[in-house]
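Novice: Submitted below is the structure of interest, expressed as C-alpha cells.
The values are calculated or read from the model by the stated rules, or taken from the named source; none is laboratory data. Worth saying up front: this structure is predicted, and the values here are computed from it rather than measured. No Cβ is skipped: glycine too gets one built from the backbone with ideal geometry, and neighbour counts run over all protein chains shown.
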Amino acid sequence: MPRKYLSDITIPYSSIFRGRSFDEFVQNSFNDARIEDVWVPYFCVTTDITGCHSRAHRSGVLWFYVRASMTLTMVFPPLVNQRDLHLLMDGGYSEILPGNHMRAAGVRYIIAVDIGDQNGLPLFNIGYECSGIKCMLQNLMPVNYWPSVPTRFGFWEQLNYIAARKYVNLLRKMDRRIICIRPPVEFYTGKNFAKVDEIQMMGFYTTKRRFNGIVRGLSVPMMWTILQMHDPDVNGFPARSEVKDEKSEDSLRQVHIFIRPM
C-alpha cells in the first residue's frame, strides 16, 4: 500500500480511510472533464443512501461521480452530492447490473460480463459462540487444519453478493434481451493484480467461444436470437463455470494453463 494511503487511515468511526488521497488520485486521473463531454456516451451508477434508490449520472464532474460509484462502505466515506446534499455510494449495492438505466438511455442490446465470486464462504465450525481473539489466533496459525474464519467484512460482502445475484437473475428473467457471459474466473481473487493480462485473455477466449456460432452477415436481431438460444441461465441449465463435476473442473484448468502468457 502506498505511503500516502497509510497516512489517510483514520479512526474507523464511519470508514477506515478519510478518502482524501483516493479523491486526489481520481481527480488527477480525470482533471476537469465532465461526463457529458467524453467521446463515448457514458453514465455511472451510484446508490443514494439518503433517497434509498440507485441513480444514473449522465452529467456533472466526471471524477466526482466515478469516485462516488466506487465508494465501498466501511472503506471510504460516502460522498455528498452538492446538487441535493444526498449521500452517494457504490452503485453495486442497489443495482449491480444497471439494465434499467441502459434501457432508459435507449440501449437495445446488452451484454453483461459476470465475474462475481460464486464459491461462497468456506466451511468452518466455531460452535454457537464466536470469540474474536480465538478466531484471530486461528487465522494467524501457520499450520491450520480448519479454514480461516471470515471477518465481519467478509460476512457483509457475502450478504451483498447474494442480494446482488438475486437481482441479476430476476432482471435477466424479466428482460430476455440481456446476454450474460461468465469467464471461468474461479481460480482468481480480487488480489491477483499481477494476472490482469491473463484474466483479460481468458475473457477474450470465453467471449470468442460464445460467439463462435455467429455467421458473418447476420442481422443483429437474428444474431441476438442465436445467442439467447445458447444462453444456459435463461434456458434453465447451469452455466459451464457453475458445474461442479470433475470433468468441467479439469477443462477449466486446461483453459487456465492454455492462456497463461509466456
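Novice: What about Gly60, is it at positive phi and not β-branched (Val, Ile, Thr)? Working first, answer last.
Specialist: On the way: at positive phi: yes; not β-branched (Val, Ile, Thr): yes.
In short, yes.
Novice: For region 62-115, give me each residue that is surrounded by fewer than 20 Cβ atoms within 10 Å (Cβ to Cβ), among the basic types (Lys, Arg) and either in the same structural domain as Arg18 (by TED's automatic domain parsing) or in a loop (DSSP other than H, G, I, E, B) (or both).
Specialist: Within region 62-115, Arg83, Arg108 qualify.
Novice: Right, here's the next one. Hey, can you tell me all the residues within region 196-229 that are surrounded by 12 or more Cβ atoms within 10 Å (Cβ to Cβ) and assigned to a loop (DSSP other than H, G, I, E, B)?
Specialist: Scanning region 196-229 gives Phe211, Ile214, Leu218.
Novice: Separate question: For a quick check of your reading of the model, give me the residue pairs whose first member lies in region 81-110 and is more than 23 Å from Arg67 (Cβ to Cβ), whose second is assigned to a loop (DSSP other than H, G, I, E, B) and modelled with pLDDT of 80 or more, with beta-carbon atoms closer than 7 Å and at least 6 apart or on different chains.
Specialist: Final answer for the pair search is none.
Novice: With the condition kept exactly as written, say whether any residue in region 43-52 is surrounded by fewer than 13 Cβ atoms within 10 Å (Cβ to Cβ) and of a type outside the set (Gly, Ala, Ser).
Specialist: Yes, that holds for at least one residue.
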